[in-house]
Amino acid sequence: MNFLKKSKEYEGMTPGLSRVKKFFESIGNPQDKIKAIHVAGTNGKGSVAVFISKILQAGKYKTALYTSPHLVSITERIKINGKSIHLKVFDNLSKKYLGKAVKYKLSYFEYLTALAFIYFAEQKVDIAVLETGLGGRLDATNIIKKPLVCVITSIAKEHQEVLGDTIRQIAYEKAGIIKKGAYVVCGKLPKEAVSVIKNKLKNPYLYGKDFKAFNDKACNLKQKFDYISVNKKVKNVEIKLLGRHQIVNATVAICVAELLNKKKYSLNETSIRTGLRDAVWPGRFDIRKVIINNKKIEIIIDGAHNVESLNAFVETFKQLGFTKKQRVFIFGTMKEKKYKCMIKKIAPFAKKIILPYIKNDRAVNPEVLKAEFSKYIARNRIYIVDSVKGACDMMEDGETAVSVGSLYLAGEVLTELYNTISENSS
């Protein structure tokens, strides 16, 4: 696994599918044996992928799931029926194909994608749910030739240095996953994005037009809503994932299930209800109650890492009543993000800010973040610490803290919490 340990998520990234195609051709194109649902989007694609996979599992299908990035362990990215690939199996696979990966100059993400597809084919899964890494058209997951359903969850301005400066350009890249013969399902999209998608396919299934949620309500850290489409109505659907945006994501998954039934799958209302109810997705408005240094702490971990996802976080934060008083915020983000805008949005809700150093070369230096936060908050309420552990140690008994700004930060916080639990139980 040295190749993967030494490489990094975006290191050596060169857009294009030629290297991946050559790699797969050299091993007999195992990806062509996989029936797949392909999910792209600026935000929400991981949540939608999890919702869909859980519905399929509830329908008794052997279901693969490929997502990124991971939060705690690299094996989280590659799952079958909710179980991560065993580390020993992953190590053996990565060693077996390392020579070819080097020969064809695969990037970190391309090699992980290749290993996932090899594993899914070997395990003879019934169906795989695949989340794109970046964009869609030139993403390594787009090696799949005949997806059953293509999903585009949302489109907003992000990764503009790669995907383009306008919504239309970004939509073009995301719509690159659309293939002939596949159904296309879209979440809430800007009009200009819809027009781009319709250039690829005349009649995509659109949230708000072909299907939607209504009568939504949040209660006791879960949500309920009704689903309606042209052919189906499901009342009182329950999900554990919080925020109105997750209701939209869940309705997208129900629409996908409806369309899979047209492809001869059998996903009844019980499968839909059970799958959605059982879906969990760590690091997405993830509320944990923990004991740290003998102090009872409530911590909200959210990987919101761009303006659109931060807006969804703030809406949920308000919806659940967390804005009744100011909270402690742990913040970190990556250099390519619009962090000045993000800071401006969360500053009004913060009584103090803790800025840890994150173990990622792309992370913004906490000194830079402190200078930005000090435009809105007194400098004596902004703290720089050397690690996430240092941030957790600063929390006070009975406090509610919030970790936001990056999935990498979310992963480090979750790792620290798991370590704390292990220490307390030993």
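The values are calculated or read from the model by the stated rules, or taken from the named source; none is laboratory data. Just so it is clear, the model here is predicted, and its values are computed rather than measured. Neighbour counts are summed over all protein chains in view; Cβ atoms, including those assigned to glycine, are modelled from backbone coordinates with ideal geometry.
With respect to LEU355, is the statement that it is within 27 Å of GLU76 (Cβ to Cβ), assigned to a helix (DSSP H, G or I) and aliphatic (A, V, I, L, M) true? First the steps, then the outcome.
Working: within 27 Å of GLU76 (Cβ to Cβ): yes; assigned to a helix (DSSP H, G or I): no; aliphatic (A, V, I, L, M): yes.
Considered against the rule, which asks whether it is within 27 Å of GLU76 (Cβ to Cβ), assigned to a helix (DSSP H, G or I) and aliphatic (A, V, I, L, M), LEU355 comes out as no.
In contact (Cβ under 8 Å) with a residue 12 or more places away in the chain and within 30 Å of LYS188 (Cα to Cα): does that describe VAL50? The answer is yes for VAL50.
Considering only the range 272-281, I want to know if a residue exists there that is more than 26 Å from PHE317 (Cα to Cα) and either out of contact with any Lys or Arg (no Cβ under 9 Å at 6 or more places or on another chain) or of a type in the set (A, V, I, L, M) (or both).
Yes: the range 272-281 contains one or more residues that are more than 26 Å from PHE317 (Cα to Cα) and either out of contact with any Lys or Arg (no Cβ under 9 Å at 6 or more places or on another chain) or of a type in the set (A, V, I, L, M) (or both).
Among the candidates ARG244, ARG273, the residue that is over 15 Å from LYS188 (Cα atoms) and surrounded by 13 or more Cβ atoms within 10 Å (Cβ to Cβ) is uniquely ARG273. In this entry, LEU106 is excluded by the filter for residues that are under 20 Å from the mean Cα position of the chain (by Cα) and either over 28 Å from SER229 (Cβ atoms) or crowded, with 23+ Cβ neighbours inside 10 Å (or both).
Taking into account only those residues within the range 290-340 that are of a type in the set (A, V, I, L, M) and part of a helix (DSSP H, G or I), which is modelled with the lowest pLDDT? Full working, then the answer.
Step one: of the range 290-340, the residues of a type in the set (A, V, I, L, M) are 290-292, 297, 299-301, 304, 307, 310, 312, 314, 320, 328, 330, 334.
So of that shortlist, the ones also part of a helix (DSSP H, G or I) come out as 307, 310, 312, 314.
Details: VAL307: 90, LEU310: 93, ALA312: 93, VAL314: 94.
Residue satisfying both the conditions and the ranking: VAL307.
Out of the residues in the range 220-237 that are within 11 Å of ARG277 (Cβ to Cβ) and surrounded by 15 or more Cβ atoms within 10 Å (Cβ to Cβ), state the one that is nearest to the chain's Cα centre (by Cα).
Looking only at the range 220-237, we keep the residues that are within 11 Å of ARG277 (Cβ to Cβ), and these are 222-224, 236-237.
Pick out the ones that are also surrounded by 15 or more Cβ atoms within 10 Å (Cβ to Cβ) and you get 223-224, 237.
Working: GLN223: 19, LYS224: 22, VAL237: 22 Å.
My answer is GLN223.
Condition first: touching a residue at least 60 places away in the same chain (Cβ under 8 Å) and out of contact with any Phe, Trp or Tyr (no Cβ under 6 Å at 6 or more places or on another chain). Now tell me which residues in the range 255-272 satisfy that. Selection gives VAL256, ALA257, LEU260, LYS262, LYS263, TYR265, SER266, LEU267, ASN268, THR270, SER271, ILE272.
Residues in the range 287-300: is at least one within 19 Å of GLU131 (Cα to Cα) and either in contact with an Asp or Glu (Cβ under 9 Å, 6 or more places away or on another chain) or surrounded by fewer than 23 Cβ atoms within 10 Å (Cβ to Cβ) (or both)? Within the range 287-300, not a single residue is within 19 Å of GLU131 (Cα to Cα) and either in contact with an Asp or Glu (Cβ under 9 Å, 6 or more places away or on another chain) or surrounded by fewer than 23 Cβ atoms within 10 Å (Cβ to Cβ) (or both). At least 1 residues being at pLDDT 95 or above is the threshold, and among the helices (runs of 4 or more DSSP H) wholly inside the range 1-107 those reaching it are 18-26, 45-58, 87-96, 98-103. Within the bounds of the range 372-386, is there any residue that is surrounded by fewer than 17 Cβ atoms within 10 Å (Cβ to Cβ) and in contact (Cβ under 8 Å) with a residue 40 or more places away in the chain? Within the range 372-386, none of the residues are surrounded by fewer than 17 Cβ atoms within 10 Å (Cβ to Cβ) and in contact (Cβ under 8 Å) with a residue 40 or more places away in the chain.
GLU315 meets all of the listed conditions (1) surrounded by fewer than 22 Cβ atoms within 10 Å (Cβ to Cβ); (2) under 25 Å from LYS389 (Cα atoms); (3) of a type in the set (Asp, Glu) but one, namely (2).
So, TYR383, is that one in a strand (DSSP E or B), under 27 Å from GLU315 (Cα atoms) and among the aromatic types (Phe, Trp, Tyr) or not? If you could, list the steps in order and put the result at the bottom.
Numbers: in a strand (DSSP E or B): yes; under 27 Å from GLU315 (Cα atoms): yes; among the aromatic types (Phe, Trp, Tyr): yes.
Yes.
Residues that are farther than 20 Å from SER387 by Cα, hydrophobic (A, V, I, L, M, F, W, C) and out of contact with any Gly (no Cβ under 9 Å at 6 or more places or on another chain) within the range 318-342 comprise PHE322, CYS341, listed in sequence order. Scanning the range 110-144 for residues that are of a type in the set (Asp, Glu), surrounded by fewer than 24 Cβ atoms within 10 Å (Cβ to Cβ) and not in a helix (DSSP H, G or I) turns up just one, ASP126.
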